[in-house]
There are 4 protein chains.
Amino acid sequence: MGMIGGGPGSFIGPVHKMAAELDGRMRLVAGAFSRDLNRAREAGAAWGLDPDRVHPDYGSLIAAEALRADGVQLLVIATPNHLHFPIAKAALEAGLHVMCDKPATLTLAEALLLRDIVAGCGRQFGLTYTYAGYAMVREAREIVRRGDLGAVRKVVVDYSQGWLAQPLERGDHKQAGWRADPATGGEGGAIADIGVHALHIAELVSGLKVDRLCPDLSSVVEGRLLDDDCNMLWRFDNGAPGVMVASQIAAGDRNGLRLRVYGERGGLDWSHDRPDILTLNWIDQPTQVLHAAAPYLSAAGRAPARLPTGHPEGFIEAFATLYRDFADAIEGATPRPGAGVPGIEDGVRGMALIRCAVRASRAQAGWVRLDEAL
Amino acid sequence: MGMIGGGPGSFIGPVHKMAAELDGRMRLVAGAFSRDLNRAREAGAAWGLDPDRVHPDYGSLIAAEALRADGVQLLVIATPNHLHFPIAKAALEAGLHVMCDKPATLTLAEALLLRDIVAGCGRQFGLTYTYAGYAMVREAREIVRRGDLGAVRKVVVDYSQGWLAQPLERGDHKQAGWRADPATGGEGGAIADIGVHALHIAELVSGLKVDRLCPDLSSVVEGRLLDDDCNMLWRFDNGAPGVMVASQIAAGDRNGLRLRVYGERGGLDWSHDRPDILTLNWIDQPTQVLHAAAPYLSAAGRAPARLPTGHPEGFIEAFATLYRDFADAIEGATPRPGAGVPGIEDGVRGMALIRCAVRASRAQAGWVRLDEAL
Amino acid sequence: MGMIGGGPGSFIGPVHKMAAELDGRMRLVAGAFSRDLNRAREAGAAWGLDPDRVHPDYGSLIAAEALRADGVQLLVIATPNHLHFPIAKAALEAGLHVMCDKPATLTLAEALLLRDIVAGCGRQFGLTYTYAGYAMVREAREIVRRGDLGAVRKVVVDYSQGWLAQPLERGDHKQAGWRADPATGGEGGAIADIGVHALHIAELVSGLKVDRLCPDLSSVVEGRLLDDDCNMLWRFDNGAPGVMVASQIAAGDRNGLRLRVYGERGGLDWSHDRPDILTLNWIDQPTQVLHAAAPYLSAAGRAPARLPTGHPEGFIEAFATLYRDFADAIEGATPRPGAGVPGIEDGVRGMALIRCAVRASRAQAGWVRLDEAL
Amino acid sequence: MGMIGGGPGSFIGPVHKMAAELDGRMRLVAGAFSRDLNRAREAGAAWGLDPDRVHPDYGSLIAAEALRADGVQLLVIATPNHLHFPIAKAALEAGLHVMCDKPATLTLAEALLLRDIVAGCGRQFGLTYTYAGYAMVREAREIVRRGDLGAVRKVVVDYSQGWLAQPLERGDHKQAGWRADPATGGEGGAIADIGVHALHIAELVSGLKVDRLCPDLSSVVEGRLLDDDCNMLWRFDNGAPGVMVASQIAAGDRNGLRLRVYGERGGLDWSHDRPDILTLNWIDQPTQVLHAAAPYLSAAGRAPARLPTGHPEGFIEAFATLYRDFADAIEGATPRPGAGVPGIEDGVRGMALIRCAVRASRAQAGWVRLDEAL
């Protein structure tokens, strides 16, 4: 595989590399990690890449790899948001599979275009909505799907981070910088960076789709151009109410994603603080705590485990599970139980969320339909 | 003290008795526990009351006590909501102090009337917003007040119960019955029963007032007349966003009240699951966990403790702390640090919340001002 | 009831009063709270006692109450350990029931004498091993008794406090003072103060008796006369191994009592940090978390509840449950499910533990039988 | 690197591969995964190895690799215990570095021989005491080393698993089988499998050495030849008491390793249940909870982090941290802060523990010195 962006020193680039290689199904062999070719080469060297396969930009990488018998088949996009679309388009059109960071693109319009491209190209397009790779998230989805909770009545998802409680973007904090700049991050701040995760996991586990939303986005830190705090009421397509909180000014919080889904008979509770457990609260029955890799899990919940129960797997392993599923999809292997890599449809929904939330919040429009943006 | 309603077998009546008597400052000596005089007398006997001081209704109790040299000075109202106002009015006008269950009254109009009565009667009126009696809630308030967190930027309060996930009111569940009936419970269901708690604790700890709200109330259980699930966006008077969840259909949840307040420098997190601790998350500093009764707490946080640290106090003790503060207020004693019994102003705000939330939600009105109801 | 020792300002005296009165079954009406009669009277006044019933010592209290038609029937002993025996003896011989703080007496010899006195006097003798009053401890006992775990294979009990990590006894800390002095505390320090709790809860829940023990007691704080840290291996009467930790120099710990009992099919885990839950871990089945007052508990586990599930009860309520059971026993009422007040047999075992542990540890004797002291 | 044993399907073999390769410093290129060459080749193929580098035994692997210009420099030993010594000896003598599973060898005598071999061979020998790779264990060590807790006064380490609560070794459970057989596992069961981990982490973090021990080992499951439950009293070289629990019959427990170290001013608490946090309890100060990868950690605690705080790393990453340190050691790179791979000295101590504990327990010898075995 090749990677654009995400050289050593970035957060997500090394995660892609470690995750993709963890199960021995892929290997990073080419990259365009920086527009500064010296920096890109240093990065490539640090990762043991052949210097000939390190490029200053995605165009040259795609062109050069196409000429090699052993050229990459998969391109990973780990750049700021504004580059997702052009790179994905070029890669897919060059016959490469693409694994892309979220959100899918800079704008909803791009995402809709990309959907058409993906539909027509015969290649796989995956989006790293990481949380979809956690075993206990998959177990949660299976529990809902199986009907254990009865009909879903309510969903609460809360994704609270504190890392942008201060105006880091005014310093030289690269990740804060491009995220806070509409030219590179898009029209959404926290909603684009983590709100789309919250939407995805809520829909994935509940099996429902958000139909309407009533958003309240703020730029809490003075002078910030994009939202850094998002709160939102939802109604799902079955009428069930929902609440979504996504904040990057929740000072002191680390990376606190928590999902609760309530049904007629009980509720489930998963939190990224302790990703290896899933709590099930039942009406008039003892609470159950399910542990990753335990034998009593569903096939879907067990499949991601690489280790015996009691041996924690974390973020890299969840990411790796997406890559393993992606490798299966590329190779046309039978999917493992519960497998699934988020794709362009998920990406479009995320972009529609950003679009709707930003506009409706700005207009103080109250409730809007998610698909009105589509 | 005397009590109206709440005889043995009810949830809250015994709590009032145990809490009021815990610190030896008050004693239950008279009551009108049931309109059925036989049942009332049984109740009185079970609690060791003089049969002469057990009455079939509040009117006769107030009249009879007024004739006694040792007549009660304080009347506790532990009835369904529709009786709060007439009893409180009668008691205050008879020169009694009143401790009343929440919500303050059946309607906002009654609450406003009661406010005038309280203002003019020279007697104390207290509302048992229980959570205001927890030591660590008071510590939290003090931490915010002292400025440790910096300016408050966000408040999230979540009060999720599951006990009404099924239509208990159709059976002979007394507490579910009157709460689900507009004639006895008022126009609000979950919003009136627990939403007012959530508003109170959020305002109490943050030191802010909710200015605007955007509610979404549902009757999730089919055929239920009043709301059983409430979700709400808030904006406080300093512009800070807020989120409120209050649900009684959160199947499997017990009595899960959790409050988070985020400021510029960190956030605090308190949960009724574990009421004896308060968690403080800080930007770039270790998380702190404060324990009830510890020597490092503020005077306000320490004052409620009856036991050394590590010896849990619970719901009855929190309730008792309100009664102890109330006794001090009645006696004109110097208030203990951090003391305070919620009063009619808090009650009016709660009733305004119910009013606004029910109307605005029904009208799908989006954002409304809380004080527009006033 | 009357009380010796434990006036306002002490830790345990007010706990006895609040707990005994909580359910309205008893009332404190007489006391000898201090040898200084002025202090005793202040204490009595603060608690609303008739000054005539406040005495300078237990002898005069017992004598005076015996002359009253409404004299007390129950005497609570909340003094340092060296007074337990003489007071209990005098009270029982005067026809009073006795509720006594642990450990039972100053010496094992006294405990054995007291056992004979109790056997012959026709009065109730209770010991406030508080943890036996927690609902979830009773549920735990019932779960083991019912055989859910299969045969018990291992018990681990850990009671770690940090309050004596510093030499408080050298200052004017009254509670540290008498505990650290062999003349008033006896030959055991931590082993007498909390080790006996650990033994009691371990035997109570497991249904087993400690047969042999291999102790290691230390005086970790320099200059301390008695042990402040106890670690011990056990073998129960069915051969199962056990581990006991009791420490008062576990710096930073509050009052951390945790019990684990492992059987053939699973294990239970209860901790005083969170006394309202009981965790059951099962082989190849999801972990279960049981909550106090939940409908699915056994009758024994449900009986202590005063509040609905989700409304925490704490230390005072656990203590009160012992008093409620004691009132039932005194009145000859049918015991509630799971009821039981620890008595002199439990007290004798505790004193035997102290005796064995102190001697065997001093002698570096390795394993000794608990009943060799008897 | 090459690996002996641990082919796909084993627990620890894939962990070695994933961990060693995670940071891109090593790659598995040769192996002798099974004595059955067909199975070994399948394993090699699954991992993408050149079939020429897959061998039926360690001898042929070492010989063949020695002939290659690109032959492996490091041999990983992931076999049952009885093969550790001969393989390590052969590999070291062939000039290879060795990374070996714990316990070091089958017998203490072998470990002592191996120590001499390591001392003389100029090659690195590492032992995968995994828990030494966790960031928060390293932070804990640094906190103690820095003196924050004051002098260490007590250590409690508890490693409770339940996977051998049933006689799995009688079925075809491979891992249970060789562990339960003295010929392949050695004279220790749980003490050898997990007790050595407990000793290592206790000594590593406390900075102390166990001087004396008083063990109680049992074979709780009927018919089991080796111990499956170990409880032990310790005294460290500074006189501080310690307690060690290591059990594989703690039914329902997963892989629960918990370490507490108490000093004069406070105590630390780390648990593998939640490896990303470290709790510090202080006398009369709020409890602190430290989170992995946070900026306030020591250099030693920060160094292992691959991800931002709030993104959990787990068992594979801890293992990988040992491999990264090992790669640095092999290459002679400056060690990262807090780096360190357990080596043969740690291995010898572990073997001495097994030796002492088994003998002293069998002889009911009470206290013995750990170094009497040496």
The condition from (1) more than 14 Å from chain A (Cβ to nearest Cβ); (2) more than 30 Å from D:Arg302 (Cα to Cα) that B:Tyr296 misses is numbered (2)
Looking at (1) more than 14 Å from chain B (Cβ to nearest Cβ); (2) surrounded by 17 or more Cβ atoms within 10 Å (Cβ to Cβ); (3) among the charged types (D, E, K, R), which is the one condition that is false for A:Glu345? (2)
It is to be established whether one or more residues within the stretch B:250-258 are crowded, with 19+ Cβ neighbours inside 10 Å, closer than 19 Å to B:Asp101 by Cβ, touching a strand residue (DSSP E or B) at 6+ places or on another chain (Cβ under 9 Å) and modelled with pLDDT of 95 or more. yes
Subset of the stretch A:305-339 [away from every other protein chain (no Cβ under 11 Å), of a type outside the set (A, V, I, L, M) and touching a Pro at 6+ places or on another chain (Cβ under 9 Å)]: A:Thr321, A:Arg324, A:Asp325, A:Asp328, A:Arg336, A:Gly338
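Condition test on C:Gly162, is it assigned to a loop (DSSP other than H, G, I, E, B), in the same structural domain as C:Asn281 (by TED's automatic domain parsing), under 27 Å from D:Cys230 (Cα atoms) and in contact (Cβ under 8 Å) with a residue 24 or more places away in the chain?
Judged against the criteria, C:Gly162 is a match.
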Which residues, taken from the stretch C:122-139, are within 22 Å of C:Ala64 (Cα to Cα), in contact with a helix residue (DSSP H, G or I) (Cβ under 8 Å, 6 or more places away or on another chain) and in a loop (DSSP other than H, G, I, E, B)? C:Arg123, C:Gln124
Among (1) touching a residue at least 24 places away in the same chain (Cβ under 8 Å); (2) aliphatic (A, V, I, L, M); (3) at the interface with another protein chain (Cβ under 10 Å from one of its Cβ atoms), there is one condition D:Ala352 misses while meeting the rest; what is its number? (3)
Neighbours by Cβ (under 9 Å, 6+ apart or cross-chain): first from the stretch C:199-211, under 18 Å from C:Leu374 (Cα atoms); second among the basic types (Lys, Arg) and not in a helix (DSSP H, G or I): C:His200/C:Lys102; C:Glu203/C:Lys209; C:Val210/C:Arg235; C:Asp211/C:Arg235; C:Asp211/C:Arg369
For the stretch D:58-75, does any single residue satisfy the condition of being within 20 Å of the chain's Cα centre (by Cα) and modelled with pLDDT of 95 or more? yes
Which condition does A:Gly31 not pass, out of (1) within 14 Å of another protein chain (Cβ to nearest Cβ); (2) at pLDDT below 95; (3) surrounded by 17 or more Cβ atoms within 10 Å (Cβ to Cβ); (4) not in a helix (DSSP H, G or I), if it passes all the others? (2)
Can you tell me which residue among C:Leu61, C:Leu75 is crowded, with 19+ Cβ neighbours inside 10 Å, part of a strand (DSSP E or B) and away from chain B (no Cβ under 14 Å)? C:Leu75
Scope the stretch C:213-231; condition within 8 Å of another protein chain (Cβ to nearest Cβ) and closer than 21 Å to D:Ala365 by Cα; matching residues: C:Cys214, C:Asp216, C:Ser218, C:Asn231
Those residues that are part of a loop (DSSP other than H, G, I, E, B), surrounded by fewer than 20 Cβ atoms within 10 Å (Cβ to Cβ) and in contact (Cβ under 8 Å) with a residue 12 or more places away in the chain, I need them from the stretch A:266-294; list them, please. A:Asp273, A:Ile283
Only listed residue being out of contact with any helix residue (DSSP H, G or I) (no Cβ under 8 Å at 6 or more places or on another chain), over 22 Å from D:Asn281 (Cβ atoms) and buried (at least 21 other Cβ atoms within 10 Å of the Cβ), chosen from B:Phe319, B:Phe326: B:Phe326
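Residue-by-condition table, conditions (1) within 30 Å of B:Pro167 (Cβ to Cβ); (2) small (Gly, Ala, Ser); (3) more than 7 Å from every other protein chain (Cβ to nearest Cβ):
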{"residue": "B:Asp211", "(1), (2), (3)": "no, no, yes"}
{"residue": "B:Asp237", "(1), (2), (3)": "no, no, yes"}
{"residue": "B:Val245", "(1), (2), (3)": "yes, no, no"}
{"residue": "B:Leu257", "(1), (2), (3)": "yes, no, yes"}
{"residue": "B:Gly267", "(1), (2), (3)": "no, yes, no"}
{"residue": "B:Gln288", "(1), (2), (3)": "no, no, no"}
{"residue": "B:His291", "(1), (2), (3)": "no, no, no"}
Given the condition small (Gly, Ala, Ser), part of a loop (DSSP other than H, G, I, E, B), more than 16 Å from D:Thr321 (Cα to Cα) and in the same structural domain as D:Asp70 (by TED's automatic domain parsing), answer yes or no: does some residue in the stretch D:105-121 qualify? no
Considering only the stretch A:110-134, how many residues are under 30 Å from A:Thr279 (Cα atoms) and out of contact with any strand residue (DSSP E or B) (no Cβ under 9 Å at 6 or more places or on another chain)? 4
Do we have A:Ala250 as more than 10 Å from chain B (Cβ to nearest Cβ) and within 25 Å of A:Gly177 (Cα to Cα) here? no
For the stretch B:101-132, what are the residues that are over 18 Å from B:His82 (Cα atoms), in contact with a Phe, Trp or Tyr (Cβ under 6 Å, 6 or more places away or on another chain) and among the small types (Gly, Ala, Ser)? none
B:Asn38 passes all but one of the listed conditions (1) part of a loop (DSSP other than H, G, I, E, B); (2) at pLDDT below 95; the exception is number (1)
Name the pairs: first residue in the stretch C:1-24 and within 20 Å of C:Arg39 (Cα to Cα) and more than 11 Å from chain B (Cβ to nearest Cβ), second residue among the acidic types (Asp, Glu) and not in a loop (DSSP other than H, G, I, E, B), Cβ to Cβ under 8 Å, at least 6 apart or on different chains? C:Gly2/C:Glu65
Criterion first (modelled with pLDDT under 95 and surrounded by fewer than 24 Cβ atoms within 10 Å (Cβ to Cβ)) does C:Gly177 satisfy it? yes
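The values are calculated or read from the model by the stated rules, or taken from the named source; none is laboratory data. The model shown is predicted, which means the values in this text are computed figures rather than measured ones. Don't worry about glycine lacking a Cβ; one is built from the backbone with ideal geometry, like all the others, and counts go over all protein chains shown.
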